[in-house]
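Enquirer: I'd like to ask you about the structure that follows.
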Amino acid sequence: MALDDIHTPVLLERCFELLEPALRAPGAVLVDATLGMGGHSEAFLSRLPGLTLVGLDRDPQALSIAGERLAPFADRTHLVHAVYDEFLDVLGELGIPEVAGVLFDLGVSSLQLDLVERGFSYSKDAPLDMRMDSTSELTAEVVLANYSEVELRTIFRDYGEEKLAARYAQAIVAARREAPIERSGQLVEIITAVTPVVVQRAGHPAKRVFQALRIEVNRELLALERAIPQAIEALGIGGRIVVMSYQSLEDRIVKRDLQRVTSSSAPAGLPVELPEHRPQLSLLTRGAERASEREMDENPRATPVRLRAAERIGRLS
């Protein structure tokens, strides 16, 4: 099966439109901080012959696939097995002082969702893995087996925004006393059994719990909180950053960090804005942009996306 059949890059044309002005100069560096199967990066490398790409991904399988896809551009690519909160470390090791563009396509990838054995989906029975990086030790099974009821309730509430977090945590702790919870099908049964019918009618009862477990296993929000400031720091003057989020927790972090650097930090009433208080970046989007109805129809995974973008206009000395 062709990669294009299983991976349609979300908002590709809009991402290119936003980033291309910063990437025209020969030797410009784009960091694809969430390389995945390389769909976005392939388009940028194809259209911009002077572009150098740094592609980061924590998933060795995705890196392997992207490496094959981007093989024609091997002389202009650096593909690195890393989480995006290692952003500045990777650039330092490559000897790259600043970059012209940064792209984040957050959340779980098409590859991870579509491979049943990775355990990300609540709709298909599989081992409770959920690791984006298969070399890491923490799995969803380990979380369910070892976290206390309070800890489970907290991650379901904070990372899944689940109103029935306490009920689900209690049910899981009770069930694991009887038998280990090793497969996604078991977890779905436990959750469904204690979910009121009226709630089940509103959507799959396990959706938010699976999201919360995935975020916990991969430390996604913690990594994102460290990564966005690093990406902003790496941008040269005129450099641009584009971030696509797929759930509200991610988008809040992105919005907060972009607001911080696109707003004046001058105290109220100061007669003259000093250089150190001036915004470092300027927003390129008004709020969070959504995919068009047409793109949502053609690529359902674009439905929840929220895109934000900004350009560096200054730098603190």
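The values are calculated or read from the model by the stated rules, or taken from the named source; none is laboratory data. Because the structure is a prediction, the values reported are computed rather than measured. Cβ: placed from backbone, ideal geometry, glycine included. Neighbour counts: every protein chain shown. Ligands, DNA and RNA are excluded from the accessible area calculation, which covers all protein heavy atoms including side chains. Shrake-Rupley method; radii C 1.70, N 1.55, O 1.52, S 1.80 Å.
Enquirer: Does Asp105 fit the bill of being open to solvent by 40 Å² or more (accessible area, probe 1.4 Å), at pLDDT 95 or above, under 26 Å from Asp57 (Cα atoms) and out of contact with any Gly (no Cβ under 6 Å at 6 or more places or on another chain)? Spell out how you get there, then give the answer.
Expert: Working: open to solvent by 40 Å² or more (accessible area, probe 1.4 Å): no; at pLDDT 95 or above: yes; under 26 Å from Asp57 (Cα atoms): yes; out of contact with any Gly (no Cβ under 6 Å at 6 or more places or on another chain): yes.
Judged against the criteria, Asp105 is not a match.
Enquirer: Being within 15 Å of Gln186 (Cα to Cα), out of contact with any Pro (no Cβ under 9 Å at 6 or more places or on another chain) and open to solvent by 10 Å² or more (accessible area, probe 1.4 Å) is the filter here, so list the residues in the stretch 131-169 that pass it.
Expert: Hit for the stretch 131-169 is Val142, nothing else.
Enquirer: Kindly provide the set of residues from the stretch 297-317 that are farther than 18 Å from Ser248 by Cα and either of a type in the set (Gly, Ala, Ser) or at pLDDT 95 or above (or both), ordered by number.
Expert: Correct list: Ala310, Glu311, Arg312, Ile313, Gly314, Ser317.
Enquirer: Does the stretch 187-227 hold any residues that are under 24 Å from Leu56 (Cβ atoms) and among the β-branched types (Val, Ile, Thr), and which are they?
Expert: Residues satisfying the conditions are Ile215, Val217.
Enquirer: Which one is farthest from Thr34 (Cα to Cα), of the residues in the stretch 48-101 that are in contact with a strand residue (DSSP E or B) (Cβ under 8 Å, 6 or more places away or on another chain) and among the basic types (Lys, Arg)?
Expert: Across the stretch 48-101, the extreme among qualifying residues is Arg76.
Enquirer: Residues that are at pLDDT 95 or above, within 14 Å of Gly239 (Cβ to Cβ) and either open to solvent by 20 Å² or more (accessible area, probe 1.4 Å) or polar (S, T, N, Q) (or both): does the stretch 4-14 have at least one?
Expert: no
Enquirer: Tally up the residues in the stretch 231-251 that are outside any strand (DSSP E or B) and either open to solvent by 10 Å² or more (accessible area, probe 1.4 Å) or charged (D, E, K, R) (or both), please. Outline the logic, then answer.
Expert: As a first pass, look at the stretch 231-251 and keep what is outside any strand (DSSP E or B): 231-234, 246-251.
With the extra rule that they be either open to solvent by 10 Å² or more (accessible area, probe 1.4 Å) or charged (D, E, K, R) (or both), the set shrinks to 233, 246-251.
Qualifying residue count, the stretch 231-251: 7.
Enquirer: In addition: Inspect all residues belonging to the stretch 189-207 and state whether any of them is acidic (Asp, Glu) and under 30 Å from Arg286 (Cβ atoms).
Expert: Looking for residues that are acidic (Asp, Glu) and under 30 Å from Arg286 (Cβ atoms), one finds none in the stretch 189-207, hence no.
Enquirer: Only one residue in Ala62, Ala100 is closer than 23 Å to Gly238 by Cα and either charged (D, E, K, R) or in contact (Cβ under 8 Å) with a residue 40 or more places away in the chain (or both), so which one is that?
Expert: Going through Ala62, Ala100 in turn, the sole match is Ala100.
Enquirer: Hey, could you check the stretch 21-68 for residues that are of a type in the set (S, T, N, Q), open to solvent by 10 Å² or more (accessible area, probe 1.4 Å) and farther than 19 Å from Ala310 by Cβ and say which is modelled with the lowest pLDDT?
Expert: Gln61
Enquirer: If you go through the stretch 198-221 one residue at a time, how many are in contact (Cβ under 8 Å) with a residue 12 or more places away in the chain and in a helix (DSSP H, G or I)?
Expert: 15
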